[in-house]
Structures are given as structure tokens and as C-alpha cells.
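Inspection log for the structure reproduced underneath, given as C-alpha cells.
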Amino acid sequence: SLPEFSEAELSRYDGLDGQPAYVAVDGKVYDMSSEFRNGLHYGYKAGIDQTDAFYSEHSASLLSDFEIVGTYAP
């Protein structure tokens, strides 16, 4: 089964200093390192829950492009 990320744990995966860029959307944690540069994607930060921001710009179908690495339980 996949690991569960707390808010503090997710914040470590901010895309900085060689860390992958993980983002929570709808309670799932996705590896979005391919889209985040230095922890940012068009001003949005990695390492946090970006559910609302994600849906303001993208459709749910885009999530299938990214690997689910865990679940999010703040």
C-alpha cells in the first residue's frame, strides 16, 4: 500500500535542493517533479495541497499523467 503523508511530511517534498516535487490533489499525493522547476509551477508551490488551484487551471484527466506516490491526511 502507499504511504500516507501528513502536512509536515508532504512539505519536505517541495522540489528544492534535489527533492522531488509532490503535490496533493483530492487526498492523493502525486509526483509532479516534471512540471515544477525549483519547487514552482507558474507561481504555485510544491509540497502542499493544491486541490483548489489545480482545478482552477486543469481538468481531472490531467492527473493520470502523474504517478500517485501516496495519500494525504493533513
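Structure values in brief
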{"read-out": "Pairs with Cβ under 6 Å, 6+ apart, first in segment 13-24 and at positive phi, second crowded, with 17+ Cβ neighbours inside 10 Å and not in a loop (DSSP other than H, G, I, E, B)", "value": "Gly15/Ala21"}
{"read-out": "Qualifying residues in segment 51-74 (those that are of a type in the set (D, E, K, R) and farther than 21 Å from Leu2 by Cα) - the one surrounded by the most Cβ atoms within 10 Å (Cβ to Cβ)", "value": "Glu57"}
{"read-out": "Any hit, segment 38-47, residues being open to solvent by 80 Å² or more (accessible area, probe 1.4 Å) and within 9 Å of the chain's Cα centre (by Cα)", "value": "yes"}
{"read-out": "Residues of segment 25-37 that turn out to be within 16 Å of Asp52 (Cα to Cα) and surrounded by fewer than 22 Cβ atoms within 10 Å (Cβ to Cβ), as a count", "value": "3"}
{"read-out": "Selection within segment 25-47 - hydrophobic (A, V, I, L, M, F, W, C), out of contact with any Ser or Thr (no Cβ under 7 Å at 6 or more places or on another chain) and either in a strand (DSSP E or B) or touching a residue at least 24 places away in the same chain (Cβ under 8 Å) (or both)", "value": "Met32, Leu40, Ala46"}
{"read-out": "Residues (open to solvent by 40 Å² or more (accessible area, probe 1.4 Å) and either assigned to a helix (DSSP H, G or I) or of a type in the set (Asp, Glu) (or both)) located in segment 1-24", "value": "Glu4, Glu7, Ala8, Glu9, Ser11, Asp14, Asp17"}
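The values are calculated or read from the model by the stated rules, or taken from the named source; none is laboratory data. Here the structure is a predicted model, which means the values were calculated and not measured. Glycine gets a Cβ as well: all are built from the backbone with ideal geometry, and neighbour counts include every protein chain shown. Calculation scope for accessible area: heavy atoms of the full protein, side chains included, ligands and nucleic acids excluded. Shrake-Rupley method; radii C 1.70, N 1.55, O 1.52, S 1.80 Å.
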